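Trainee: Take this structure, written in structure tokens, and hold onto it; I'll ask about it next.
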Amino acid sequence: SYAHLAFLVFQAVMQVVLVCMLGFWAAHVRLLNPALQKHISQLNVMLFTPCLIFVKLASAITADKLVDLAIVPVLFVLTTGVSYLAALVINRFQGFNQRESNFVIAMAVFANSNSLPVSLTIALAQTLPTLKWLPDDTTDMIASRGILYLLIFQQLGQVLRWSWGYNTLLSNYIGDEISMRSSQLSTIAMSAKPLLSEDCSTDTSGSSDISDSPTGSLFYRADQALLPSFNRSFRKDFNRSARGRIVDNTIVRHVKLFLVKAMGYMNPPLWAMLSALIVAVIPPLQRLTFEQKDTFIYRTFTSAVTQTSQVSVPLILVVLGANLYPDDVATPPSPNFKRIVASSLVARMLISGAVLIPILAAFAKFVHISIVDDPIFLVVLFLLATAPPAIQLSQICQLNEVFEREMAAVLFWGYVVFTLPVTMVMVVMSLEVLEWA
């Protein structure tokens, strides 16, 4: 019944709300002041979140499953692209500046695929018999598949969130400032000077046109005064060698520049994802780390990382609740505070869903490949289409000290007010589409 579904959704939402209330209370009694909240967020990003990513991804993905799950990245690109276009349309009508537009894009693109959808998927798997896909399906098998699908979406979102979101959309830098920041990093790679300056150009006739640099002058004087008998063929060989050195040095410097920029873009969550993928695609290493529970590796490394990972989500929710408590230290709100909050919620939970639902329904009806026939997969897609913005975005805003008040307002209205009715509608629609398909 619809009342029972509403109760399930209410239970999943209340799990998030109750933990957030603890953080709100902690901020009210001054246990979590804004400075401490930022330090806790940094600790979570640097330690607990990477452990969570590593454990979830490395233990659930295998080389065989990667083939069957190849459709998930395609749908992730589709949903992300639609959300991005929805944010661009809103921004165009609202006339926001670049920082405000980037914030709205981040809210629209990065949906919650962890806490709320996972809780709701487990609850639905245990109560709805229509979600069975295989004859011998059990509730645990259905829930495990749903969590696996969510996990793939979550990790793809994590990569985008901690790269594009952290470094660009919710960064302290915008436009030319980002380019200036990148150029400052590139000076490290450019610091090593080549033996022959690139200012030394050589014409096609074989004569050497040396620059006015001290090195160039030295070569010129040596050629003219000390060695007047150099023949033209030797000079051509010398010039070809010089051009070769210049090309080699240019390639080396471009490689250095690329590596410096790539290293500057990486952060602990991204390193954890890379490590998890390495473990996942090497079956013996994955079995040693997660399946052989009587080994030294499992009892020490795996157990320690798993215990540490369990701190991440509760800590995020506690800090989120603390962020909701009003204070005078957080970054001041934007003059367009209300419009930014409203635009973010409309782009994420209304426009994106209105465009994606017909596409996903047609996809379920006419595409019969791989996991598309799995009923829980369709439910997951519908939940993600209108899920509220990711809670983890509050971490990024707090670390970068941008739009903290706007972020708190978006999460409050998204989770406390709109999640219950919107999620209720999505679950019912997914079940109706499931019967139609």
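The values are calculated or read from the model by the stated rules, or taken from the named source; none is laboratory data. Please read all numbers here as calculations on a predicted model, not as lab measurements. So basically every Cβ, Gly included, is an ideal-geometry build from the backbone, and we count neighbours across all protein chains shown. The protein model used for the area step is the full one, side chains on, heavy atoms only, and it has no ligands, DNA or RNA in it. Shrake-Rupley method; radii C 1.70, N 1.55, O 1.52, S 1.80 Å.
Trainee: Whenever you get a sec, compute what percent of the accessible area on the range 5-109 sits on carbon and sulfur atoms (1.4 Å probe).
Mentor: 71
Trainee: Write down the accessible area per residue of the range 1-54 in Å², having rolled a 1.4 Å probe over the full set of protein chains.
Mentor: 54
Trainee: Report relative contact order for the range 89-159 in percent, whole number only (criteria: Cα-Cα under 8 Å, sequence separation at least 6).
Mentor: Result for the range 89-159 is 35 percent.
Trainee: Would you mind getting the accessible area per residue of the range 337-422, heavy atoms of the protein chains only, 1.4 Å probe, in Å²?
Mentor: Per residue, the range 337-422 has an accessible area of 32 Å².
Trainee: What FRET efficiency would be calculated for the residue pair F337, L88, taking the C-beta separation as r and a Förster radius of 30 Å, to the nearest 0.05?
Mentor: 0.90
Trainee: Starting from 0.36 nm per residue, how many nanometres of slack lie between S163 and L285 once their C-alpha separation is accounted for?
Mentor: Length difference between fully extended and current span is 41.2 nm.
Trainee: Moving on. Quick one: which residues, 5+ away or cross-chain, put their amide H under 5 Å from the amide H of A111? H built at 1.01 Å from N.
Mentor: Sorted by chain and number, the residues that satisfy this are A390.
Trainee: In whole percent, how big is the carbon plus sulfur part of the accessible area of the range 292-437, probe 1.4 Å, protein atoms only?
Mentor: So the carbon and sulfur contribution to the accessible surface is 68 percent.
Trainee: What distance in nm lies between label points placed 7 Å from Cα along the C-beta direction at F258 and A63?
Mentor: Placing both labels 7 Å along Cα→Cβ, they lie 2.6 nm apart.
Trainee: Run the 1.4 Å probe and let me know the accessible area of C51, rounded to the nearest 10 Å².
Mentor: 20
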